[in-house]
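Please read the structure below before turning to the comments.
The values are calculated or read from the model by the stated rules, or taken from the named source; none is laboratory data. Source: prediction; values computed, not measured. Glycine gets a Cβ as well: all are built from the backbone with ideal geometry, and neighbour counts include every protein chain shown.
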């Protein structure tokens, strides 16, 4: 990921940290450019987050806080930490905002030691999946994102608007749509739209005009060029609060990076599935991972056959890690437990947790998915350019925007 700021944040209190967050886990779903300008006063303002999720997905969040003084600054830190923590649970956007609204309502009713005041907060939370190339978005009192398609079309999706955070009992809705690869998702805070004497509507109209001008004049450009054009045109000379902007260019996984199988609900089918997975790993040049992957999928698929009814689906993703996903129709989430020495069963998930670098589960519309991630071998394989892997979210020398392509075409 590429993240740039137009100004370094001031070295003041620990509350005034950069609001353009970099995820510690490498993500290759989007290329990102960021602009952030801190306020010159004690007013609050905008914040943004980019969070790498399992299964090659990425979460993007932007929010605005209205207030003044250390209390308002503390609220920005609270919201960012809450969003990062809630995103790790795999919640869809509407449920995450519901949890966040509950937290803000509880926090606002409790005492704190900070001076100043807090008047309210908004947030937009989005999840982009590079496999399906779909984006799911929900918003709480925040403006919708802008979407600039590769053909130059600029849209502001008509998303259901939930109430601002902290009113209690808010109802939020997730809207989902397909995003063409190479589209620019533009997320911005209220501070970017404020115009002295004209309000945010004038800023919103200017944003639309600038994006259309960028698309018309320059054709397909990178996120850095789009971010610079928008920020230079819209950022106030003396912002009333922190101003944040993020432009994310979407990527899509190639078909040869994805392999999936429908699994018959019969234990005898597992042997044929293991053979098919072994052939696929050999095709990807990942024979070193055959043994552990076979054990992992055998445990997960057998559990799905034993404890669920309905369709079962296995999917492998080869990108910066090897991801194994098992989908089934049951909403019941498994839990890791310590089996007794006399138990005949109950050790499968414990074995999966020991073999995989990470594992987890989340609900889907049809049931749930259990996923695991394994690191790829460090030695480059035949057909792959021998260049360093960008493991921190920053581009490696010679790579394109931090993207490392481990799977040969």
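Quick rundown of the values:
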| read-out | value |
| --- | --- |
| Some residue of region 85-95 being surrounded by 19 or more Cβ atoms within 10 Å (Cβ to Cβ), at pLDDT below 95, out of contact with any helix residue (DSSP H, G or I) (no Cβ under 8 Å at 6 or more places or on another chain) and within 26 Å of residue 316 (Cβ to Cβ) | yes |
| Where a residue in region 97-109 is crowded, with 20+ Cβ neighbours inside 10 Å and its partner, wherever it lies, is assigned to a helix (DSSP H, G or I), with Cβ under 8 Å and at least six apart | 100/79; 100/82; 100/83; 100/86; 104/79 |
| Per-region count, region 348-380, residues surrounded by fewer than 17 Cβ atoms within 10 Å (Cβ to Cβ), over 22 Å from residue 307 (Cα atoms) and under 19 Å from the mean Cα position of the chain (by Cα) | 1 |
| Verdict on residue 138 being surrounded by 21 or more Cβ atoms within 10 Å (Cβ to Cβ), more than 29 Å from residue 213 (Cβ to Cβ) and modelled with pLDDT of 95 or more | yes |
| Matching option when the condition is assigned by TED's automatic domain parsing to the domain that holds residue 286, over 26 Å from residue 261 (Cβ atoms) and either modelled with pLDDT of 60 or more or not in a loop (DSSP other than H, G, I, E, B) (or both), among 338, 365 | 338 |
| Filter result (assigned to a strand (DSSP E or B), under 15 Å from residue 128 (Cα atoms) and in contact with a helix residue (DSSP H, G or I) (Cβ under 8 Å, 6 or more places away or on another chain)) within region 149-186 | 184, 186 |
| Meets criteria (touching a strand residue (DSSP E or B) at 6+ places or on another chain (Cβ under 8 Å), surrounded by fewer than 23 Cβ atoms within 10 Å (Cβ to Cβ) and under 23 Å from residue 251 (Cα atoms)) for residue 187 | no |
| Test: residue in region 278-285 that is touching a strand residue (DSSP E or B) at 6+ places or on another chain (Cβ under 9 Å), at pLDDT 90 or above and not assigned by TED's automatic domain parsing to the domain that holds residue 360 | no |
| Any hit, region 2-19, residues being modelled with pLDDT of 80 or more and surrounded by 24 or more Cβ atoms within 10 Å (Cβ to Cβ) | no |
| Region 236-252, subset assigned to a strand (DSSP E or B) and more than 14 Å from the chain's Cα centre (by Cα), residue modelled with the lowest pLDDT | 242 |
| Unique match (being modelled with pLDDT of 95 or more, surrounded by 13 or more Cβ atoms within 10 Å (Cβ to Cβ), on the phi < 0 side of the Ramachandran plot and not in a helix (DSSP H, G or I)) among 325, 290 | 325 |
| Any chance residue 145 is closer than 30 Å to residue 224 by Cα and surrounded by 19 or more Cβ atoms within 10 Å (Cβ to Cβ) | yes |
| One residue from 205, 175 being surrounded by fewer than 15 Cβ atoms within 10 Å (Cβ to Cβ) and modelled with pLDDT of 85 or more | 205 |
| Conditions (1) at pLDDT below 95; (2) in a strand (DSSP E or B); (3) more than 23 Å from the chain's Cα centre (by Cα): number failed by residue 267 | (2) |
| Inter-residue pairs, beta-carbon under 6 Å, first touching a residue at least 60 places away in the same chain (Cβ under 8 Å) and in region 118-132, second buried (at least 24 other Cβ atoms within 10 Å of the Cβ) and assigned to a loop (DSSP other than H, G, I, E, B), 6+ apart | 122/142; 123/142; 124/142; 128/29; 130/29; 130/56 |
